[in-house]
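Before any comments, here is the structure.
Read-outs: derived from the displayed coordinates by stated rules, not from any lab. These numbers come from a predicted model, not from an experiment. Cβ atoms come from the backbone with ideal geometry, glycine included; neighbour counts cover every protein chain shown.
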Amino acid sequence: MEKLEWVLRCSLTWVLMAMSLALGGCATISEEDCPRVDWFALGAGDGRRGYPEARIVQHREACLGVGVQPDDQRYRAGRLQGLAQYCTLASALEEGRAGRTYEGVCPAQIDPAFRDVYRAGYAVHESLGQLRAAESTISGRERELRKDGLSDRERERLRSEIRDLDRRRESLRDELYRRERDLEHARRRYGV
């Protein structure tokens, strides 16, 4: 019963937050931890992870049931300190390559360069994912082809599909190469 209540509470919290800010997630802090939260440290951690300032709304929702209000001023001060670590071009590269979302949180003086490096890294991430998916599909079709009891027609269909997938894989490899080259240009341009 407790699990069902927790699921319902988390679901309601998620729906409310998604409607208000489309941020997602269930509870950012457990209710038991709310009275002991170091709001500066929490803000610094959120900043280091590139969360938008509106993340504090999720923290407020998580602590609502125990009547704890976030210390907005300390949270914002910590978040700014965390953002100083996040808003680097090395971080932009890492975030993009990992496929994480950039929420546009960096200051205007670094945001254009951050976005350029991030996008180039993210493009490589996407290409790698597409290439891996194609290779996985090819492996699956090859396994099917090795099965006993296939008709000649089924075997020819699978061979044809594998040839098409091979061409697609080569195209994806070329695309990955281009995107890696673009990323290298962005790294050189910004000295990352």
Mind checking the angle between helix 89-98 and the chain's longest principal axis? C-alpha axes, 0 to 90 degrees, to the nearest 10.
50 degrees
Computed over the chain, the relative contact order (Cα-Cα under 8 Å, seq sep at least six) in percent reads 17 percent
Run the numbers for Arg132 and Arg155: contour at 0.36 nm per residue of separation, minus the present Cα-Cα distance, in nm.
5.9 nm
Extending each Cα 7 Å along its Cβ direction at Glu32 and Ala90, get the distance between those two points in nm, one decimal.
3.7 nm
Cα-only Debye scattering, the chain: base-10 log of I(q)/I(0) at q = 0.16, 0.18 Å⁻¹
-0.98, -1.09
Using a Gaussian network model of the chain with C-alpha springs under 10 Å, which one of Ala41, Ala108, Ala92 is most mobile by mean-square fluctuation?
Ala108
Only helices counted: for the chain, with every DSSP H run of 4 or more residues adding -39500 (n - 2.57) and the sum spread over all residues, [θ] at 222 nm is -24500 deg cm²/dmol
Could you line up Thr28, Thr137 from fewest to most neighbouring Cβ atoms inside 10 Å?
Thr137, Thr28
Working from Cα positions, state the angle (0 to 90°, nearest 10) between the long axis of helix 111-145 and the longest principal axis of the chain.
40 degrees
How far is helix 2-21 tilted off the main Cα axis of the chain, in degrees rounded to 10, range 0 to 90?
90 degrees
Residues Tyr177, Tyr118, Tyr102 in order from fewest to most other beta-carbon atoms within 10 Å are Tyr177, Tyr102, Tyr118
Pulled fully out, how much extra length does the chain show between Glu170 and Ala54, if you take 0.36 nm times their separation in residues and subtract their Cα-Cα distance?
37.5 nm
So how do Glu161, Glu32 line up by other beta-carbon neighbours within 10 Å, fewest first?
Glu32, Glu161
Could you give each residue of region 53-68 its phi-based ³J(HN,Hα) in whole Hz, using Karplus coefficients 6.51, -1.76, 1.60 with θ = phi - 60°, and x for Gly or Pro?
4, 5, 4, 4, 4, 5, 5, 4, 5, 5, 9, 4, x, 10, x, 9
What's the extension gain from Ala98 to His185 if we count 0.36 nm per residue and subtract their Cα-Cα distance?
29.4 nm
